[in-house]
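The values are calculated or read from the model by the stated rules, or taken from the named source; none is laboratory data. Just so we're clear, the structure is a prediction, and the values are computed from it rather than from any experiment. Here the Cβ positions follow ideal geometry from the backbone for every residue, glycine too, while neighbour counts run over all protein chains shown.
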There are 6 protein chains.
Amino acid sequence: MYAISLGEDGAELRPLEPWQAEEFLAHMDRGRDFIGRHNGLPDVVRDLASSRAYLQGYAEKAAADTGRIHGIWSDGTLVGAVILRTMDVPQRTAEAGCWLEPSAVGKGLVTRAARLLIDWAVEERGIHRVEWWVSAANAPSIAVARRLGMTKEGVLRESYLYRGERHDMEIWSVLAPQWRAGTPAPNAS
Amino acid sequence: MYAISLGEDGAELRPLEPWQAEEFLAHMDRGRDFIGRHNGLPDVVRDLASSRAYLQGYAEKAAADTGRIHGIWSDGTLVGAVILRTMDVPQRTAEAGCWLEPSAVGKGLVTRAARLLIDWAVEERGIHRVEWWVSAANAPSIAVARRLGMTKEGVLRESYLYRGERHDMEIWSVLAPQWRAGTPAPNAS
Amino acid sequence: MYAISLGEDGAELRPLEPWQAEEFLAHMDRGRDFIGRHNGLPDVVRDLASSRAYLQGYAEKAAADTGRIHGIWSDGTLVGAVILRTMDVPQRTAEAGCWLEPSAVGKGLVTRAARLLIDWAVEERGIHRVEWWVSAANAPSIAVARRLGMTKEGVLRESYLYRGERHDMEIWSVLAPQWRAGTPAPNAS
Amino acid sequence: MYAISLGEDGAELRPLEPWQAEEFLAHMDRGRDFIGRHNGLPDVVRDLASSRAYLQGYAEKAAADTGRIHGIWSDGTLVGAVILRTMDVPQRTAEAGCWLEPSAVGKGLVTRAARLLIDWAVEERGIHRVEWWVSAANAPSIAVARRLGMTKEGVLRESYLYRGERHDMEIWSVLAPQWRAGTPAPNAS
Amino acid sequence: MYAISLGEDGAELRPLEPWQAEEFLAHMDRGRDFIGRHNGLPDVVRDLASSRAYLQGYAEKAAADTGRIHGIWSDGTLVGAVILRTMDVPQRTAEAGCWLEPSAVGKGLVTRAARLLIDWAVEERGIHRVEWWVSAANAPSIAVARRLGMTKEGVLRESYLYRGERHDMEIWSVLAPQWRAGTPAPNAS
Amino acid sequence: MYAISLGEDGAELRPLEPWQAEEFLAHMDRGRDFIGRHNGLPDVVRDLASSRAYLQGYAEKAAADTGRIHGIWSDGTLVGAVILRTMDVPQRTAEAGCWLEPSAVGKGLVTRAARLLIDWAVEERGIHRVEWWVSAANAPSIAVARRLGMTKEGVLRESYLYRGERHDMEIWSVLAPQWRAGTPAPNAS
């Protein structure tokens, strides 16, 4: 029912709910190899039941006000999502994330979608600090963090075990005053 | 984040979630006497805790895909809502409902909002039959059912105990083919 | 332990509990085709686990005071049941129902059993309105509603999806004063 | 609805359910001092909420097939109960118990009621061993165990802490073959 | 992390937690036939999932303060356990138990381990009465009860159904004053 | 029952369980102001009920293998604790923490206790990475991280809202190979 245009190319941000599990699985199947390079999601969403369980988890986060998921549709096809993986309203912190299937990469969809979501978190919900946790090897996602004006705060060494190897995780963030100022943080050039 | 215009007067339909419990309570307080003439809701939403519990119930229905609530905002104020009180996707049936606080009455907001919701139910979710249960004494709500092209199917005698008195309940409905045809049902003149 | 005679033919009404799941399944197997013409129950009670789950559901309704099931035994064989599918004591409403396997049809067992159950609901529990929801095609069950002095209040068009087809559902009811007067409602001739 | 006569004096055994919490509390209030001499029940059933909770617990035991409660009515007044405090159908064991308010004592009501319950347990449910746990100081309850043909199997020293003092508990039992033979156990004279 | 020496032979008592399910299963596999002569545990712990479930149950008892399990290690191998199968702190009662795999029998390990556990229950937790339920045919376990200074209080006839046969269960116990005095009870010679 | 000496001064590490809620509350009351300078715990543990709830939470973490708490006793008084606030065994990561009441500060108790806990995590449970999250203003806790050979990996700006002010949080960690080598990390001088 709801949709927000992501620009002139017809892409849209929309709610993504458990009843769309089949559509979500098809998206994950198309993006499985690409998304799975740095992101464990494809190992979680493997079939219709696990697809529904994943979206169900986010529906429950929405009900508890502790997370959100929104899908990105391009030409009527679900091609990615932006999420608040966690949201702690009393602490006024949240962690954002995103992914795209390969066909949708390179158009700036994720950056625009993440802006909408962070705007909502900061302006409507009073979130003060939005984090972005990303594998140090995931250059495209790091580039998004930079474009969102985030600052790199540290590297958690060998903290993420994925497909048998340990990866460094970078933590980036933007604080509400920075976000509103719209000025990139110092090292986010 | 999301909003759908309800017409030229700037009114909008938007998601209504548990974190908006305070705003929802203020709306209920403004409409308490008026809404409470035929509708038990004001007896359920009495304070912040019960307001949150009510919206929480709908967030859980959304997570379970068994109901939905959307708020109607006019000039930035929450003035009413449309709901799918129940939705049974396997059976392809749903029951819709609505209310407004007095200041928003008479502009057709509820009819327009209900159209959006029923369109979503019928076209996006495959619902075949949308019901409208209404107290036989609630003339304005019956008028909405008529404007939505619904047919009166029966009267459940003394079926609703409200504030110590028993009321007859009318059941109206519209079936998907009628809805799509947009032709009012015979007796809905 | 408990039993109430249903007349001179030795038939009895008795509690029906989860531990009787095997006996209940055998009854359902004997009546599967016949009962299943208008009633979805045989699709629900398919094996021992689902038979136990069904009776378990009613045991939980009894514990919550929101429903009841009683079995009808004839010559020591479980041949049918009468139920309060729902019971809302604060609202003082209930919905009754019944079924028989073919060998027990035509003796008036269900009407007598339903009278006992409705008497209990009205006289001991203060229920004001007892409903009977029935497929418009289920002539025998409609005949029971008539014999119980119920009034037809409406027809819910295409409201019940069963084995791939949509059926009209009739709602019949009797109110406590009518029940006590024992006079058939006007159109229940 | 159901009732079983307990003899010529009009006393009856009937189901006892959560909706009867008020009646149960009134009974407990009348018998509080008398029953409370050897039995912790009056400390558990103190007001309407705890009365409902107690009966609710037994409704859940019935649903789980792990216990039962039945009330004893005399001249239309609830005067006592017999229970299967526990019932382990796979192990084929159960523990029975009972109590009366003072006005109903001395008529053999409990013995007759307990016979019905043990008969049901042994004959309908296949219980092999029915226990009776009783404070060594509770002479009337021990007399019932004797009248039921039970055998004393041991004394658990200082095992029951009640109102600040520790009491010895006796365990009596009857096995199914004894029960069926109807012959009192050796020391049950 | 924690360990208490059980004597000069290097045996130790240690916490036994769900993450040790594999080690626990290996122990049970080694002792399956021997332990299973009088004890249903080997029928409960059959594979890794049931081993984890069993230890999980005890972790939950520890969290609820209603039971405890501790493992006995000899030369680095888990060879047995002592348990408080139940612990009722408000009533100040508990039931202890134990088992060993065959290789560890005859060294007094269980008696020493049970002493530590009963000491903890009596001295640190205020338990007044510690029971020992044992099959009348389980001579080694009865010998442990004797060595612990327990008194035989009774025999529950045919109370334990195990592998298709009914067994008499003996109840032994020691009360806190006896335990502290360290004097064996009369018939515990 | 269990205890591990923390050195020549008689201090000990022991399990800390829900039944010790009273003792834990007394400790928290003595250390409330001191511990509360940088740590939200005193705001969580305010009375007996919240003290029990906090320890209950850790008992449930132990049951789920996702965290641990151990108390530090000095001269028989509970003076502090070391915790694994989180433990993710499949990911092989954990977060450690600690606190002391003022009387116990300056003796190295926490460092010794943390060593035992990290040793257990690394050597017995296979944890690869142990984190230490600490307010940038909490010099004593940062000193412990240094003494444990941890490396500072980043600063999460204004990430912790505590008593109305936002604080920077530092993340320190030690990896298993470093831990085993026992060589302080480069910047941990």
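Note on segment F:1-20: residues that are in a loop (DSSP other than H, G, I, E, B), surrounded by fewer than 16 Cβ atoms within 10 Å (Cβ to Cβ) and among the hydrophobic types (A, V, I, L, M, F, W, C) amount to 1. Kindly establish whether E:GLU95 is touching a residue at least 24 places away in the same chain (Cβ under 8 Å) and crowded, with 19+ Cβ neighbours inside 10 Å. When the stated conditions are applied, E:GLU95 does not pass them. Here segment A:152-161 is the region considered, the condition is being of a type outside the set (S, T, N, Q) and at the interface with another protein chain (Cβ under 8 Å from one of its Cβ atoms), and the residue that is surrounded by the fewest Cβ atoms within 10 Å (Cβ to Cβ) is A:VAL155.
Applying the criterion of being buried (at least 17 other Cβ atoms within 10 Å of the Cβ) and more than 8 Å from every other protein chain (Cβ to nearest Cβ) to the residues of segment E:141-151, the residue that is nearest to D:GLY154 (Cα to Cα) is E:MET150. In this structure, does B:ILE127 turn out to be out of contact with any Leu (no Cβ under 8 Å at 6 or more places or on another chain) and surrounded by 22 or more Cβ atoms within 10 Å (Cβ to Cβ)? Criteria met by B:ILE127. Looking across segment B:1-20, the residues that are in contact with a Lys or Arg (Cβ under 7 Å, 6 or more places away or on another chain) and away from chain A (no Cβ under 13 Å) come down to B:GLY7, B:ASP9.
Determine, yes or no, whether A:TRP132 is of a type in the set (Phe, Trp, Tyr) and either over 18 Å from A:TRP179 (Cβ atoms) or surrounded by fewer than 19 Cβ atoms within 10 Å (Cβ to Cβ) (or both). In short, no.
Among the residues of segment E:7-26, is there at least one that is among the hydrophobic types (A, V, I, L, M, F, W, C), farther than 30 Å from F:ASP88 by Cβ and more than 15 Å from the chain's Cα centre (by Cα)? Within segment E:7-26, one or more residues are among the hydrophobic types (A, V, I, L, M, F, W, C), farther than 30 Å from F:ASP88 by Cβ and more than 15 Å from the chain's Cα centre (by Cα).
Please indicate, with yes or no, whether at least one residue in segment D:42-58 is without any contact (Cβ under 8 Å) to a residue 12 or more places away in the chain and within 14 Å of chain C (Cβ to nearest Cβ). Yes: segment D:42-58 contains one or more residues that are without any contact (Cβ under 8 Å) to a residue 12 or more places away in the chain and within 14 Å of chain C (Cβ to nearest Cβ). Before we move on, is F:GLU23 in a helix (DSSP H, G or I), within 14 Å of chain E (Cβ to nearest Cβ) and touching a residue at least 24 places away in the same chain (Cβ under 8 Å)? The answer is yes for F:GLU23. Selection of segment A:84-94 for residues being within 11 Å of chain F (Cβ to nearest Cβ) and among the charged types (D, E, K, R) yields A:ASP88, A:ARG92. Against the criterion of being closer than 19 Å to F:ALA176 by Cβ, surrounded by fewer than 22 Cβ atoms within 10 Å (Cβ to Cβ), more than 14 Å from the chain's Cα centre (by Cα) and hydrophobic (A, V, I, L, M, F, W, C), F:VAL89 qualifies. Among the conditions (1) within 14 Å of chain B (Cβ to nearest Cβ); (2) touching a strand residue (DSSP E or B) at 6+ places or on another chain (Cβ under 9 Å), C:GLY164 misses just one, which is (2). If you check F:ALA11, F:ALA53, which single one turns out to be among the small types (Gly, Ala, Ser) and closer than 16 Å to F:GLY76 by Cα? Among F:ALA11, F:ALA53, only F:ALA11 is among the small types (Gly, Ala, Ser) and closer than 16 Å to F:GLY76 by Cα.
In segment F:179-188, the condition of being assigned to a loop (DSSP other than H, G, I, E, B), within 11 Å of chain A (Cβ to nearest Cβ) and at pLDDT below 95 is met by at least one residue.
If you take the residues in segment F:169-181 that are without any contact (Cβ under 8 Å) to a residue 40 or more places away in the chain and surrounded by 15 or more Cβ atoms within 10 Å (Cβ to Cβ), which one is farthest from F:THR111 (Cα to Cα)? Residue satisfying both the conditions and the ranking: F:MET169. Scan segment B:62-77 for residues that are in contact (Cβ under 8 Å) with a residue 60 or more places away in the chain and crowded, with 19+ Cβ neighbours inside 10 Å and the total you get is 3.
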